[in-house]
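Here is the structure we will look at, set down as structure tokens.
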Amino acid sequence: PGLLLTAAIGAGVDKIRVTDPGQYKDYVDFVNVMTYDFHGGWESVTGFHSALYAPANDPSTGDAKQYNTDAAIRALIAAGMPAAKINLGIGFYGRGWTNVANVNNGLFQSGTAAPARYEAGIEDWKLLKDLAWPQFNDTAAGAHWIYNGTTFWSFDDPALIKRKMDYVKANGLGGAFSWEFSGDDANGTLLKAMASGLAK
């Protein structure tokens, strides 16, 4: 009594398809949908780490074509999970590639996992934000990236987090969560963006 039963679940439509949210929905208080890591340095082509919607001209095929936040949330609801039990995830880090051709500002180009502090292809937002590289936004897809002519990083910035919190409210979701605090800066900029974005 008084304890919560929750689950952190994969956000790919292919991952949702092989579970049965309609069966387990009654037994969980909420699910944290990991709406990030859609693309990363394990792939040989740059892409968006955590797009809100499907980007135009995405070269992905099959289920990976639907690797975006909205597709995951819609699939989960269609499979029987109540919207109010769904929390949307925000990654406090980015996914990156290097040796990326200077075409299309690095988007959808060949590359290899970018060097980083912990492991290749993943870096904390608090470090990425200070790089002062050219910034780009796909406003239709709800995705943000930086690119310096050879290295590409995709991550959520405060403005995109605000948009995602608007999405949470507009779709009646339960809330949002992050992975994880150490990726934020000393001012808690990303966490504050989440909190203010969810405020009524």
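The values are calculated or read from the model by the stated rules, or taken from the named source; none is laboratory data. Given the structure is predicted, the values throughout are model-derived calculations rather than measurements. Please note: Cβ atoms are built from the backbone with ideal geometry, for glycine as well, and neighbour counts cover all protein chains shown. Note: areas computed on protein heavy atoms with side chains; ligands, DNA, RNA excluded. Shrake-Rupley method; radii C 1.70, N 1.55, O 1.52, S 1.80 Å.
Values as computed for the structure displayed
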{"item": "Under Karplus coefficients 6.51, -1.76 and 1.60, residue-wise ³J(HN,Hα) of region 19-31 in Hz, glycine/proline x", "result": "10, 10, x, x, 8, 9, 4, 6, 9, 10, 6, 6, 10"}
{"item": "Alpha carbon Rg of region 136-197, scaled by the compact-globule rule 2.2 N^0.38 Å", "result": "1.22"}
{"item": "Principal axis dimensions, largest first and in whole angstrom, of region 77-196 by Cα", "result": "43, 33, 23"}
{"item": "Selected from Thr98, Thr35, Thr61 as most flexible by GNM, with the chain as the system and alpha-carbon contacts under 10 Å", "result": "Thr61"}
{"item": "Region 44-200, accessible surface, carbon-and-sulfur percent (1.4 angstrom probe)", "result": "55 percent"}
{"item": "Full-extension gain in nm, Asn102 to Val45, via 0.36 nm per residue minus C-alpha separation", "result": "19.2 nm"}
{"item": "Ranking by accessible area, most exposed first, for Thr69, Thr6 with a 1.4 Å probe", "result": "Thr6, Thr69"}
{"item": "Degrees between helix 69-78 axis and first principal axis of the chain (Cα, 0 to 90, nearest 10)", "result": "20 degrees"}
{"item": "Heavy atoms of Asp26: accessible area, 1.4 Å probe, square angstrom to 10", "result": "110 Å²"}
{"item": "Rounded to the nearest 10 Å², the accessible area of Glu180 at probe 1.4 Å", "result": "70 Å²"}
{"item": "For region 122-168, fraction of C-alpha pairs farther apart than 12 Å, in %", "result": "63 percent"}
{"item": "Anchor Lys65: lysines whose Cα lies under 17 Å away (excluding residues fewer than 8 positions away in-chain)", "result": "Lys15"}
{"item": "Value of D in µm² per second that Stokes-Einstein yields for region 1-74, Kirkwood Rh from Cα pairs, at 20 °C (1.002 mPa s)", "result": "158 µm²/s"}
{"item": "Exposure ranking of Lys15, Lys200 by accessible area [1.4 Å probe, largest first]", "result": "Lys200, Lys15"}
{"item": "Whole-number D in µm²/s for the chain (Stokes-Einstein; Kirkwood sum over Cα pairs; 4 °C, 1.567 mPa s)", "result": "76 µm²/s"}
{"item": "Area of Phe181 that stays accessible when all protein chains are in place (1.4 Å probe, Å², to 10)", "result": "140 Å²"}
{"item": "Dipole in debye (nearest 20) - the chain, about Cα centre, beta carbon charges: Lys, Arg +1; Asp, Glu -1", "result": "460 debye"}
{"item": "Accessible-area order (highest first, 1.4 angstrom probe) of the listed residues Asp156, Asp130", "result": "Asp130, Asp156"}
